[in-house]
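Everything below concerns the one structure shown next.
The values are calculated or read from the model by the stated rules, or taken from the named source; none is laboratory data. No experiment lies behind these values; they were computed from the predicted model shown. Ideal geometry is used to build each Cβ from the backbone, glycine not excepted, and the neighbour counts take in all protein chains shown.
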Amino acid sequence: MTLADGITMRTAVEDDAEALADAYTRNREHLRPSSPRRDESFFTADGQAARLRDQLEQWESGRMVPWVLTGGERILGTVTLSHIVLGPWRNGHLGYWIDAGHLGRGLASLAVRSVCRVADERLGLHRIEASTLVENVPSQGVLLRCGFTRIGMAPDYLHIAGAWRDHLLFQRVLHDRPAV
């Protein structure tokens, strides 16, 4: 799907490994404060190929959807809907990042809105949850602009940049239809 001029969002494929390795290497310092510590292999095509195989296996089993944002041959960010649970909960967890050179253009908001539509209309989810580091005000703004509501704060929620870090929790209820 087209997000903006020349920028699309599509499901990731195994052939994205090299472009993902390039994107993560290019954005290494930009992502460092909000990411878990990464082994050097993470920044290689082989490391990304292994990661993609795992994500695509989870996609096939209905537990995750991995997307990439692309501009030409370059990957400009990723969006994942993970920990998908159906049944009466019908929930997923949203994660995303945008290339440092493309911040402030509304791409994260466009991508998050697109994921919300897919989650509702194609996946039949009722709710999406997201979390941000307490100090990540720009990401909180994206979520609020996209209809998410802050629902709390989780102390020591994720191990990020070498320490257990507090996160703000957000949710967006997509609809009030009965679970099917």
- Please indicate, with yes or no, whether at least one residue in the stretch 127-140 is part of a strand (DSSP E or B), within 17 Å of HIS175 (Cβ to Cβ) and touching a helix residue (DSSP H, G or I) at 6+ places or on another chain (Cβ under 7 Å). yes
For the stretch 104-121, pairs from a residue that is of a type in the set (S, T, N, Q) to a residue that is outside any helix (DSSP H, G or I) and modelled with pLDDT of 95 or more, with Cβ under 9 Å and 6 or more apart or across chains, are SER109/CYS146; SER114/MET9; SER114/TRP67; SER114/VAL79
Check your understanding: Would a scan of the stretch 5-26 turn up a residue that is basic (Lys, Arg) and touching a His at 6+ places or on another chain (Cβ under 8 Å)?
Key -> no
Going through the stretch 111-126 in order, the residues found to be in a loop (DSSP other than H, G, I, E, B) and among the charged types (D, E, K, R) are ARG122
Of the residues in the stretch 131-164, those that are charged (D, E, K, R) and at positive phi come to ASP156
Looking across the stretch 8-25 at residues that are within 25 Å of SER131 (Cα to Cα) and either of a type in the set (Ser, Thr, Tyr) or touching a helix residue (DSSP H, G or I) at 6+ places or on another chain (Cβ under 8 Å) (or both), the single one that is surrounded by the fewest Cβ atoms within 10 Å (Cβ to Cβ) is THR25
Would you confirm, using the coordinates I've provided, whether ARG177 is out of contact with any Asp or Glu (no Cβ under 8 Å at 6 or more places or on another chain) and modelled with pLDDT of 95 or more?
no
